[in-house]
Amino acid sequence: MRSLTVKLVLAFALVSLVGIALVVVMTARFTGNQFREFFENQNRESLIAELEDYYQQNGTWQGIERLANEVIFNQRYNWGYVILDTRDRVILHSPLAVRLPNLPWRVLRSEDGVPLIVDGKVVGTYFSLETRFDLRPPLPTQLTRFYNTLVIASIGAVLVSVFLGILLARSLTRTLRELTVATQKVAKGDLEQQVPIRSNDELGELAVSFNQMSADLAQSRDLRRQMTADIAHELRTPLTVILGHTEALSEGELPPDEETFAIIHDETKRLNRLVEDLRTLSLSDAGELHLNWNKVSPRDLLEHSAAAKKNEAKSKNIGMRIETVETLPLVNVDPDRMTQVLVNIIDNSLRYTPEGGMIRMSAQELRGKISLEIEDTGPGIPAEEIDHLFERFYRGDKSRQREAGGSGLGLAIAKSLVESQNGQITVESLPGQGAKFVITLPVDGD
């Protein structure tokens, strides 16, 4: 009984058996009663007519006993009946009446039966023992055949229902069996499992959900592997430089001058920045990133962020412009973390905006929210890269981004920090027309 298929088939069989049995019993009772009633009424009228004809021909009931000895007569009228004369004496009864050896004839009275009338005169009374004493005659051959056919049909119906139950149970459990096999493979590490969608019902929805879960797990595994490889690569680069320079210093191949120590210092800072970025992402993902909430002006956030990158923009001959009004509502954020977000975005824009370009920063209120926008005049972002832009270590132009000094974590950190402060970040871009990053924040923490 551990098999769901067996349980379903037994359930179908039991329900079908009970239902068909009830139908058969009710049909048999109703049909039997109707048939007996019809049979009795028809034969009663025939018997009464025959008895009245006998009295009319003979003028008396004498000799009526010979009818009780006729086989054909008894075969025709084989139900329970009794005939009384006008003095309430039994003059004739059916063979079936012998089933009542202690028949209380005295309880039969003329006024309780059906009168036998000849020439307008009551000459006797007919009584039905079947109705009065529940004396049932044998089943007619036609009714017996009907009952036999009904039983055979019910057995056939049960067998058909069991067969259909088997088909339906196998259909229902087929998806479950496939899901069981697939989940066992997933548990062993084989994440790329897909089960066929065989229906649009709840089982079909379960299969769709499983396929989506399996695909997401496989994607997460691939991203984790890629992230591990990227982290190893990013850590290896500065470590290789530091290790190489320190070994060269120890062996006397490099002079211990300011340039050598500056290179080691820069690579150490790069390594420290990467580790700090990874730590920030880890804390944000775990929901353990500490935030110092304060109400600040959107314009102040833009000005502080622009000031942090002012010298770098000037050295690259890239203009920076802030466009906003003084009357914007305050936003409830962590100013340092939000400045970090804006600096990461500005840094990304500076990395790709050509010399003589422009970075425009603005803030406005839209539908009860504050929208911070940073737009550059760079080459733009290809459409196929926009969906991956906020992924960790994603590089649309790997060589160019590495040469520019990016680790591939800046935008991922920006997205994580914005969402941890109840905001959203999106990007809009067309190739050759620059990129625009939009950060949406609730007004005053609402």
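Note on Glu251, Glu276, Glu428: ascending count of other Cβ atoms within 10 Å places them as Glu251, Glu276, Glu428, the fewest first.
Protection proxy ranking, highest mean first, for peptides 339-345, 160-166, 215-221: 339-345, 160-166, 215-221, where packing is the per-residue count of other beta-carbon atoms within 10 Å, averaged.
Modelled spin labels at Ile197 and Leu10, positioned 7 Å past Cα toward Cβ, are 3.6 nm from each other.
Applying the criteria of a DSSP loop state and at most 13 other Cβ atoms within 10 Å to the GluC sites (Glu not before Pro) of region 281-369 yields Glu288, Glu326, Glu355.
The overall shape of region 190-327 is oblate: from the C-alpha gyration tensor, with semi-axes ordered a ≥ b ≥ c, the ratio a/c is 1.5 or greater and a/b is no larger than b/c.
The calculated FRET efficiency for Ile166 paired with Ala21, based on their beta-carbon distance and R0 = 22 Å, is about 0.60.
With point charges of +1 on the Cβ of Lys and Arg and -1 on the Cβ of Asp and Glu, referenced to the Cα centre of region 294-442, which listed residue (Leu366, Asn344, Val296) lies farthest in the positive direction of the dipole? Working it through, the farthest residue towards the positive pole turns out to be Asn344. Each of the peptides 19-27, 57-65 was scored by the mean count of other Cβ atoms within 10 Å over its residues; in descending order, highest first, they stand as 19-27, 57-65. Residue-wise HN-Hα couplings along region 236-253, as the Karplus relation 6.51 cos²θ - 1.76 cosθ + 1.60 with θ = phi - 60° gives them from phi, are 5, 4, x, 5, 5, 5, 4, 4, x, 6, 5, 5, 5, 5, 5, 8, x, 7 Hz; Gly and Pro carry x. Ignoring lysines fewer than eight residues from Lys316 along the same chain, the ones with Cα atoms less than 24 angstrom from its Cα are Lys269, Lys398, Lys436. Computing FRET efficiency as 1/(1 + (r/R0)^6) for Lys314 and Gln212, where r is the C-beta to C-beta distance and R0 is 56 Å, gives about 0.70.
PRE reach from Leu328 (point 7 Å along Cα→Cβ): which of region 364-385 fall under 14 Å by backbone N? Residues passing the 14 Å test: 364-375.
Where a number appears in this text, it was derived from the coordinates with a stated rule and is not lab data. All values derive from a computational prediction rather than experimental measurement. Note: ideal-geometry Cβ built from the backbone for every residue, glycine included; neighbour counts use all protein chains shown.
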